[in-house]
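A short worksheet on the structure shown next.
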(Lines give C-alpha, C1' and ligand atoms only; values in the text may rest on other atoms or scores of the structure.)
Protein backbone atom coordinates (compact mmCIF):
# COMPACT_ATOMS: atom_id res chain seq x y z
CA UNK A 1 0.00 0.00 0.00
CA UNK A 2 2.80 2.54 0.69
CA UNK A 3 4.02 2.28 -2.94
CA UNK A 4 0.52 3.08 -4.22
CA UNK A 5 0.22 6.02 -1.83
CA UNK A 6 3.61 7.28 -2.98
CA UNK A 7 2.57 7.01 -6.63
CA UNK A 8 -0.67 8.89 -5.96
CA UNK A 9 1.19 11.62 -4.05
CA UNK A 10 3.77 11.83 -6.84
CA UNK A 11 1.04 12.16 -9.45
CA UNK A 12 -0.70 14.87 -7.43
CA UNK A 13 2.58 16.73 -6.96
CA UNK A 14 3.35 16.50 -10.67
CA UNK A 15 -0.09 17.97 -11.43
CA UNK A 16 0.59 20.86 -9.05
CA UNK A 17 4.00 21.53 -10.64
CA UNK A 18 2.40 21.50 -14.11
CA UNK A 19 -0.29 23.93 -12.90
CA UNK A 20 2.32 26.28 -11.42
CA UNK A 21 4.43 26.20 -14.60
CA UNK A 22 1.36 26.85 -16.78
CA UNK A 23 0.29 29.76 -14.56
CA UNK A 24 3.73 31.36 -14.53
CA UNK A 25 4.22 30.81 -18.28
CA UNK A 26 0.85 32.45 -18.93
CA UNK A 27 -0.24 29.61 -21.18
CA UNK A 28 -0.60 25.86 -21.18
CA UNK A 29 2.89 24.53 -21.74
CA UNK A 30 1.47 21.17 -22.77
CA UNK A 31 2.21 17.71 -21.53
CA UNK A 32 4.65 16.55 -24.18
CA UNK A 33 7.95 16.33 -22.34
CA UNK A 34 7.12 19.33 -20.14
CA UNK A 35 9.10 18.08 -17.17
CA UNK A 36 12.32 17.89 -19.17
CA UNK A 37 11.95 21.08 -21.23
CA UNK A 38 14.16 24.06 -20.42
CA UNK A 39 12.66 27.19 -18.99
CA UNK A 40 13.47 29.06 -22.22
CA UNK A 41 11.61 26.43 -24.24
CA UNK A 42 8.56 26.93 -22.02
CA UNK A 43 8.85 30.72 -22.17
CA UNK A 44 9.90 31.34 -18.56
CA UNK A 45 12.54 34.01 -17.96
CA UNK A 46 14.44 35.01 -14.81
CA UNK A 47 11.63 37.22 -13.51
CA UNK A 48 9.15 34.40 -14.05
CA UNK A 49 11.48 32.15 -12.04
CA UNK A 50 11.03 34.43 -9.04
CA UNK A 51 7.26 34.03 -9.32
CA UNK A 52 7.64 30.27 -9.78
CA UNK A 53 9.81 30.06 -6.66
CA UNK A 54 7.26 32.04 -4.62
CA UNK A 55 4.45 29.77 -5.76
CA UNK A 56 6.56 26.73 -4.86
CA UNK A 57 7.24 28.21 -1.43
CA UNK A 58 3.48 28.38 -0.96
CA UNK A 59 3.30 24.68 -1.86
CA UNK A 60 5.91 23.59 0.69
CA UNK A 61 5.10 26.19 3.33
CA UNK A 62 8.62 27.51 3.79
CA UNK A 63 11.25 29.61 2.04
CA UNK A 64 13.30 27.94 -0.68
CA UNK A 65 16.96 29.00 -0.73
CA UNK A 66 17.99 31.06 -3.76
CA UNK A 67 20.84 28.63 -4.41
CA UNK A 68 18.30 25.81 -4.75
CA UNK A 69 16.15 27.78 -7.20
CA UNK A 70 19.28 28.61 -9.23
CA UNK A 71 19.86 24.86 -9.72
CA UNK A 72 16.43 24.36 -11.29
CA UNK A 73 16.92 24.09 -15.04
CA UNK A 74 13.61 22.37 -15.80
CA UNK A 75 10.26 21.59 -14.21
CA UNK A 76 11.60 18.14 -13.27
CA UNK A 77 14.04 19.80 -10.84
CA UNK A 78 11.11 21.61 -9.22
CA UNK A 79 9.20 18.34 -8.94
CA UNK A 80 12.17 16.57 -7.34
CA UNK A 81 12.75 19.41 -4.87
CA UNK A 82 9.11 19.64 -3.85
CA UNK A 83 8.97 15.84 -3.50
CA UNK A 84 11.93 15.91 -1.12
CA UNK A 85 10.50 18.87 0.78
CA UNK A 86 7.16 17.09 1.21
CA UNK A 87 8.72 13.82 2.39
CA UNK A 88 8.80 13.23 6.12
CA UNK A 89 12.31 13.44 7.51
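The values are calculated or read from the model by the stated rules, or taken from the named source; none is laboratory data. Owing to the predicted nature of the structure, the values given are computational and were not obtained by experimental measurement. Reconstructed Cβ throughout: ideal geometry from the backbone, glycine too, with neighbour counts over all protein chains shown.
Points to keep in mind about this one:
- Count - residues of segment 17-50 that are touching a helix residue (DSSP H, G or I) at 6+ places or on another chain (Cβ under 6 Å) and modelled with pLDDT of 90 or more: 11
- Note on segment 34-53: residues that are within 10 Å of residue 75 (Cα to Cα) and not in a helix (DSSP H, G or I) amount to 2.
- Subset of segment 56-84 (residues that are assigned to a helix (DSSP H, G or I), over 14 Å from residue 14 (Cα atoms) and in contact with a helix residue (DSSP H, G or I) (Cβ under 6 Å, 6 or more places away or on another chain)): 69
- Residue tally, condition farther than 16 Å from residue 80 by Cα and either surrounded by 10 or more Cβ atoms within 10 Å (Cβ to Cβ) or at pLDDT 80 or above (or both), over segment 1-16: 0
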